[in-house]
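K.L.:
Supplied in structure tokens, the structure appears directly below.
The values are calculated or read from the model by the stated rules, or taken from the named source; none is laboratory data. Quick caveat, the model's predicted, so the values are computed rather than measured. Because the Cβ atoms are built from the backbone with ideal geometry, glycine has one as well, and the counts that use them run over all protein chains shown.
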């Protein structure tokens, strides 16, 4: 009898521990993967976006695909798109869709605006600072900002473009033109803008029209006065979280550094590379509706406010190369990968 009770206790103990371990493990459930066979322009998907009508858009190196839930339609330069390589999709307050072209390996040819019927294209001939557009943001005044590669930032008021050259100071390892290689734009709660670029981060006060410059490296976040001996920053994305911490990602080669940073206004925290954050070059940061942060690179890592967790092909992603993550209006997550667009649900761990 004593032996039987011992066995029962052992089984209960093992089951309880198994339940606890499962309950504390979050899960990514991939429900569907869209590819060329379904109607996408390419299996390489650079970006995913949902417009105000619930229509999904997919930017690829071979055209722009629209999906209404039933049928696919692809647009290329033959249909009026300024360029086939679409890596940025944005919708303004007026409902106009904007498509930025170009990628890290392919130069763009400008930006296209779509009004549900036709495209209108803008290039350097129209005042755009550069034809390779890396990011688009609309400020509180309804002005659009375009981050361009090597050519600074353009501001569009609905009629004219105004270019801001980010002429930051030059350090020993920092070339002057690197300030104008702008990859990302973020806006804080006061309406001021932050530009992530090759040299570091430029903070722009919209009221005074003045810049402040920061260098970013794993040992700190400093004004330019200490920047003379620092290497280039290679900032790839910026994102404010729900607590208004600024998250920064960099393209780096250090074996122990993930390139992910968090700045709380006073201190810069660097996150080392780990099994949960096994990357050195994050291309995109997404803040989802629940406050989680998603970092896309070789697979995706999620930060829930306390810990990181990594997902890859073993969790259902069709490719280890994830270019970006997007959350649609229903809370579904879309992953733009080299093997199609995957859609799924994130199931957080239960306490």
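K.L.:
Taking the stretch 189-201, which residues are closer than 22 Å to residue 142 by Cβ and in a strand (DSSP E or B)?
P.N.:
Within the stretch 189-201, 193, 194, 195 meet the criteria.
K.L.:
Now for a separate question. Consider residue 230 against the criteria (1) over 21 Å from the mean Cα position of the chain (by Cα); (2) at pLDDT 85 or above: it satisfies all of them except one. Which criterion is unmet?
P.N.:
Residue 230 satisfies every listed condition except (2).
K.L.:
For the stretch 108-155: of the residues being closer than 26 Å to residue 73 by Cβ, part of a loop (DSSP other than H, G, I, E, B) and touching a residue at least 24 places away in the same chain (Cβ under 8 Å), which is farthest from the chain's Cα centre (by Cα)?
P.N.:
If we take residues in the stretch 108-155 being closer than 26 Å to residue 73 by Cβ, part of a loop (DSSP other than H, G, I, E, B) and touching a residue at least 24 places away in the same chain (Cβ under 8 Å), then 118 is farthest from the chain's Cα centre (by Cα).
K.L.:
Further question on the same structure: Any residue in the stretch 23-30 that is at pLDDT 95 or above, closer than 19 Å to residue 134 by Cβ and in contact with a strand residue (DSSP E or B) (Cβ under 7 Å, 6 or more places away or on another chain)?
P.N.:
No - not one qualifying residue is present in the stretch 23-30.
K.L.:
Out of 324, 330, 319, which single residue is within 10 Å of residue 46 (Cα to Cα), at pLDDT 95 or above and out of contact with any helix residue (DSSP H, G or I) (no Cβ under 6 Å at 6 or more places or on another chain)?
P.N.:
324
K.L.:
Any idea which of 270, 289, 297, 274 is surrounded by 17 or more Cβ atoms within 10 Å (Cβ to Cβ) and farther than 19 Å from residue 220 by Cβ?
P.N.:
297
K.L.:
For residues in the stretch 156-176 being outside any loop (DSSP other than H, G, I, E, B) and crowded, with 18+ Cβ neighbours inside 10 Å, which is modelled with the highest pLDDT?
P.N.:
Ranking the qualifying residues of the stretch 156-176, first place goes to 156.
K.L.:
Six or more apart or on different chains, Cβ under 8 Å: which pairs go from a residue in the stretch 57-78 that's crowded, with 21+ Cβ neighbours inside 10 Å to one that's assigned to a loop (DSSP other than H, G, I, E, B) and modelled with pLDDT under 95? Could you list them?
P.N.:
none
K.L.:
Suppose we keep only residues that are farther than 12 Å from residue 204 by Cβ and touching a strand residue (DSSP E or B) at 6+ places or on another chain (Cβ under 6 Å) within the stretch 133-146. Which one would you say is surrounded by the most Cβ atoms within 10 Å (Cβ to Cβ)?
P.N.:
It comes out as 133.
K.L.:
With 130, 152 as the choices, which residue is over 19 Å from residue 240 (Cα atoms), modelled with pLDDT under 95 and in contact with a strand residue (DSSP E or B) (Cβ under 9 Å, 6 or more places away or on another chain)?
P.N.:
Answer to the selection: 152.
K.L.:
Please report, ordered by residue number, the strands (runs of 3 or more DSSP E) entirely within the stretch 243-313 with at least 2 residues that are free of Cβ contacts under 8 Å to residues at least 40 places away in the same chain and more than 24 Å from residue 199 (Cβ to Cβ).
P.N.:
The strands (runs of 3 or more DSSP E) meeting that bar are 299-303, 308-311.
K.L.:
Tally the residues that are surrounded by fewer than 16 Cβ atoms within 10 Å (Cβ to Cβ) and touching a strand residue (DSSP E or B) at 6+ places or on another chain (Cβ under 6 Å), restricting the search to the stretch 79-95.
P.N.:
1
K.L.:
Moving on. Is it the case that residue 315 is under 25 Å from residue 67 (Cβ atoms), under 17 Å from the mean Cα position of the chain (by Cα) and surrounded by fewer than 19 Cβ atoms within 10 Å (Cβ to Cβ)?
P.N.:
When the stated conditions are applied, residue 315 does not pass them.
K.L.:
Has the stretch 103-126 got at least one residue that is closer than 15 Å to residue 46 by Cβ, at pLDDT below 95 and surrounded by 19 or more Cβ atoms within 10 Å (Cβ to Cβ)?
P.N.:
Yes; the residues of the stretch 103-126 include at least one that is closer than 15 Å to residue 46 by Cβ, at pLDDT below 95 and surrounded by 19 or more Cβ atoms within 10 Å (Cβ to Cβ).
K.L.:
Please find, within the stretch 56-71, the residue that is modelled with the lowest pLDDT out of those that are farther than 16 Å from residue 117 by Cα and touching a strand residue (DSSP E or B) at 6+ places or on another chain (Cβ under 9 Å).
P.N.:
By that ranking, first place goes to 69.
K.L.:
I would also like to ask the following. Quick one: which of 314, 293 is more than 21 Å from residue 248 (Cβ to Cβ) and out of contact with any helix residue (DSSP H, G or I) (no Cβ under 6 Å at 6 or more places or on another chain)?
P.N.:
After ruling out the rest, the residue left standing is 314.
K.L.:
Another question about this same structure. State whether one or more residues within the stretch 219-226 are at pLDDT 95 or above, touching a strand residue (DSSP E or B) at 6+ places or on another chain (Cβ under 8 Å) and surrounded by 14 or more Cβ atoms within 10 Å (Cβ to Cβ).
P.N.:
no
K.L.:
Return the pair list, or none, for Cβ contacts closer than 9 Å from residues in the stretch 322-341 that are on the phi > 0 side of the Ramachandran plot and in contact (Cβ under 8 Å) with a residue 12 or more places away in the chain to residues that are crowded, with 19+ Cβ neighbours inside 10 Å and assigned to a strand (DSSP E or B), at least 6 apart or on different chains.
P.N.:
331/346; 340/33; 340/34
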